[in-house]
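The values are calculated or read from the model by the stated rules, or taken from the named source; none is laboratory data. Since this is a predicted model, take the numbers as computed values, not measurements. Don't worry about glycine lacking a Cβ; one is built from the backbone with ideal geometry, like all the others, and counts go over all protein chains shown. The area values use the complete protein model at the heavy-atom level, side chains included, leaving out ligands, DNA and RNA. Shrake-Rupley method; radii C 1.70, N 1.55, O 1.52, S 1.80 Å.
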Protein chains: 2
Amino acid sequence: MKKIPQQERSRQMVGRIIEAGHAVLVRDGYDALSTNRVAAEAGVSPGSLYQYFPNKEAVIEAVVERYSDVLAERITASLADRIDDAGPAMVRPTIEALLDALEENAEFLRVIADEIPRAENSSRTEALEQRIVGLVGAYLAARRADLGDTRPSTAAWVMVRAIEHLTVRYVLEHPTIPREEFVSELVRLVAGYLPD
Amino acid sequence: MKKIPQQERSRQMVGRIIEAGHAVLVRDGYDALSTNRVAAEAGVSPGSLYQYFPNKEAVIEAVVERYSDVLAERITASLADRIDDAGPAMVRPTIEALLDALEENAEFLRVIADEIPRAENSSRTEALEQRIVGLVGAYLAARRADLGDTRPSTAAWVMVRAIEHLTVRYVLEHPTIPREEFVSELVRLVAGYLPD
DNA sequence: ATTGTATGCGAGCGATGACTCGTGTCAGCA
DNA sequence: TGCTGACACGAGTCATCGCTCGCATACAAT
């Protein structure tokens, strides 16, 4: 039974439930998340939870959505900021911003990337990726001469996927590569692929 | 109760169970896989299944292991074959081989990559990655002059992760990029990153 | 044949957890 | 103050599943 909150207290409740879901995911992990546990963590009864979420999946979706909205905000803002710069002047700060954003919530990122099946969030993840691919594609289209006969959309697809994955894995696996070295490598990777 | 099969028929049973697990994963998906269902699919009783597998997870592990052994075999063989070639002469056939191997079993790849939580197979996946990173790292170390001050191990980490992820996503998402174009892009990506 | 052992069976136990529903409470309004 | 509908509660229902155990059967050795 999906209701639209009409009173203030119920809107607070939705917030508390999302917050609790986040806490349970980080503290107990994805497998241990039950609607009963989320309700308990939120100090709310299971029945109340189901007044605002149709099922368990919807709760998780809401938690993930809140996180990825914040992330999307930061990334696209950072990208848009430097869309007029060229080459490394644009690439390096963007990668730094991405790494910062991911590291800030590394524990939750681990849950999303390693514990939740990818398919569960495919729609949300892909929407975010599509949005960034669009941005980067437009950027590349504006400087098409650089690319030879590579299509901008293709180049954007490759770049965005690669950078996203590499940064996420770097943050989660903490390989024995100093951050500075890692960033430089990514910049080199991008620069080699998009010659100017 | 993990038993070591002593008679021929029981060895056949283990094989049938693994085969059934594979079939259930592909046909019904990860969430729908129960030990009872696997047993039924194998034409075997649940009790018998537990004579050879300590728990459900072990069954899945065995199924995944069989798949990733085949994959590892093909990739490392292909890599080793061309370890003496230089530049694109080595890179392109390797990527082609990787794409071939992934496409051959795309349905099962989807289950592994999109439905099973990554953490479930981290040990197996990482072992495979480590092995390939080792191979590539050794290759790069042998031609260290090319890399400037980038450490071979770092370059290998970046390359292997990037190529693996991009090829998997390409196979699973079937973006509107022709295969030939995609391969050329990956070759360009590698060539740009590892100048010679 | 007979006995001992390995193998196989499948009904069912025990626990879990998503979700419901009957009951109670609170806020706002006349 | 009494009424009404939104809101909240939480014990309980119902189905699912991982896993066990007592028994049956096939096989090998003697």
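Roughly how large, in nm² to one decimal, is the mean projection of the convex hull of the alpha-carbon atoms in segment A:69-134?
Hull-based average projected area comes out at 4.7 nm².
Would you list the P(r) distribution for chain A, with all Cα-Cα distances sorted into 5 Å bins from 0 and each bin expressed as a whole %?
Taking all Cα pairs of chain A, the binned fractions are 1, 7, 14, 17, 15, 13, 10, 8, 6, 5, 2, 1, 0 percent.
Tell me, what is the per residue accessible area of chain B in Å², probe radius 1.4 Å?
Dividing the accessible area of chain B by its residue count gives 49 Å².
Give me a comma-separated list of calculated 3J(HN,Hα) values for segment A:153-162, in order, Karplus coefficients 6.51, -1.76, 1.60 applied at θ = phi - 60°, integers in Hz, x for any Gly or Pro.
Along segment A:153-162, the couplings run 5, 5, 4, 5, 4, 4, 5, 5, 4, 5 Hz.
Once phi is turned into θ = phi - 60°, what whole-Hz ³J(HN,Hα) does the Karplus curve with 6.51, -1.76 and 1.60 give for every residue of segment B:105-120, x standing for Gly and Pro?
Rounded to whole hertz, the list is 10, 4, 5, 6, 4, 4, 4, 5, 7, 10, 9, 7, x, 4, 4, 4.
Excluding B:Pro175 itself, calculate the net charge of residues whose Cβ lies under 10 Å from the Cβ of B:Pro175, where each Lys or Arg counts +1 and each Asp or Glu counts -1.
Once all neighbours under 10 Å are counted, the net charge is +1.
Which whole-Hz ³J(HN,Hα) couplings does segment B:58-68 yield from phi under the Karplus relation 6.51 cos²θ - 1.76 cosθ + 1.60, θ = phi - 60°, glycine and proline marked x?
Each residue's phi maps through the Karplus curve to give 5, 4, 4, 4, 5, 5, 5, 4, 4, 4, 6 Hz.
Order B:Asp114, B:Asp149, most accessible first, counting only protein heavy atoms with a 1.4 angstrom probe.
From most exposed to least exposed: B:Asp149, B:Asp114.
With a 1.4 Å probe, how much accessible area is buried between chains B and A, both sides summed, in Å² to the nearest hundred?
So the buried area, both faces added, is about 3100 Å².
Largest first and in whole Å, what are the equivalent-ellipsoid semi-axes of segment B:1-54 based on the Cα gyration tensor, each being the root of 5 times an eigenvalue?
20, 11, 8
Of all accessible surface on the protein assembly as shown at a 1.4 Å probe, what whole percent is carbon and sulfur? Provide the component values of the computation, followed by the final result.
Details: 9870 of 19050 Å².
Looking at the protein assembly as shown in its full context, I get 52 percent from C and S.
Based on the inverse mean of 1/r over its pairs of different Cα atoms, what is the Kirkwood hydrodynamic radius of the protein assembly as shown, in Å?
That comes to 23.3 Å for the protein assembly as shown.
Pairs of Cα atoms under 8 Å, at least six residues apart: use those to get the relative contact order of chain A, whole percent.
So the answer I get is 21 percent.
Just want to confirm a number: the relative contact order over segment B:1-97, from Cα pairs under 8 angstrom separated by 6+ residues, in percent.
Dividing the mean separation by the residue count of segment B:1-97 yields 28 percent.
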